[in-house]
Amino acid sequence: MRFFYPALAAMVILSVFLFLLGRQNRDLLRVRAYGEFLVRLLPLLSAGVLVLGLPFVMRYTIEGNAVLVLLVYLSGTVLLTVLMARLAAPEERRAGTLFRSEEYEGAAAIYERLIARRPLPRYYSALGACLDVLGDHRRALEATNQAIKLDPKLGIAYYNRASALAATGERTRARDDLQTVFRVDSNRRLRRAAEAALKSLGKIE
């Protein structure tokens, strides 16, 4: 019974992480990509199952080895969760890493492959961002238009399209898209970026 409360506390922590991760991937639910959504939650769900089993494992543990067994069990749970998280959507993770490293051509190539297999709005939006930075604004607009067509509530797609529109001189449409970011699914960081972009457009004009 004494290990019930630590297990319960761990489950509460996992539930919070699960909720936050679910919120980050709710765009997948809007387009009914349930399998993709589950893949991203699976590491935490697996950790939850292992944590729930902790009291039963400890019940049959020799008293003198209880602390050691607890540490090994929890360490194994954390390690397994981290490994499974790294294995979830590896190509998408790789593309994101390349984009942050400013290797935009490599990132664009991966997103194109991902779209060929599963045309998700987030992939079109990310491809648009890559193409925009590379200077191919026409194709960037095509990609972001497709992302918005598939998911009209995807805030990052409006932000990325606004960047391409501004680069082609369509500042009025770019401003409209940036304002739309505040009315659709977008996190605080994205809204701050949209606000800064709106101010920048005002200064240019």
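The values are calculated or read from the model by the stated rules, or taken from the named source; none is laboratory data. Just so it is clear, the structure is predicted and the values come from calculations on it, not from any experiment. Backbone-built Cβ (ideal geometry, glycine too); neighbour counts: all protein chains shown.
Among the residues of the stretch 139-173, what is the count of those that are farther than 24 Å from residue 25 by Cβ and buried (at least 23 other Cβ atoms within 10 Å of the Cβ)? First the steps, then the outcome.
Step one: filter the stretch 139-173 for residues farther than 24 Å from residue 25 by Cβ, giving 139, 141-142, 164-173.
When the remaining residues are screened for being buried (at least 23 other Cβ atoms within 10 Å of the Cβ), the result is 164-165.
Counting residues in the stretch 139-173 that are farther than 24 Å from residue 25 by Cβ and buried (at least 23 other Cβ atoms within 10 Å of the Cβ) gives 2.
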task = Name, by its number, the condition in (1) farther than 24 Å from residue 107 by Cα; (2) under 23 Å from the mean Cα position of the chain (by Cα); (3) among the aliphatic types (A, V, I, L, M) that does not hold for residue 198.
result = (2)
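Working carefully through the options 148, 110, find the one that is closer than 20 Å to residue 34 by Cα and hydrophobic (A, V, I, L, M, F, W, C).
148
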request  = Return yes or no: is residue 38 surrounded by 13 or more Cβ atoms within 10 Å (Cβ to Cβ) and either at pLDDT 80 or above or in contact with a strand residue (DSSP E or B) (Cβ under 7 Å, 6 or more places away or on another chain) (or both)?
outcome  = yes
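Can you confirm whether residue 178 is buried (at least 20 other Cβ atoms within 10 Å of the Cβ), touching a helix residue (DSSP H, G or I) at 6+ places or on another chain (Cβ under 6 Å) and over 15 Å from residue 27 (Cβ atoms)?
Yes.
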request  = Just name the residue that is surrounded by the fewest Cβ atoms within 10 Å (Cβ to Cβ) out of those in the stretch 192-205 that are under 16 Å from residue 156 (Cβ atoms) and touching a residue at least 24 places away in the same chain (Cβ under 8 Å).
outcome  = 193
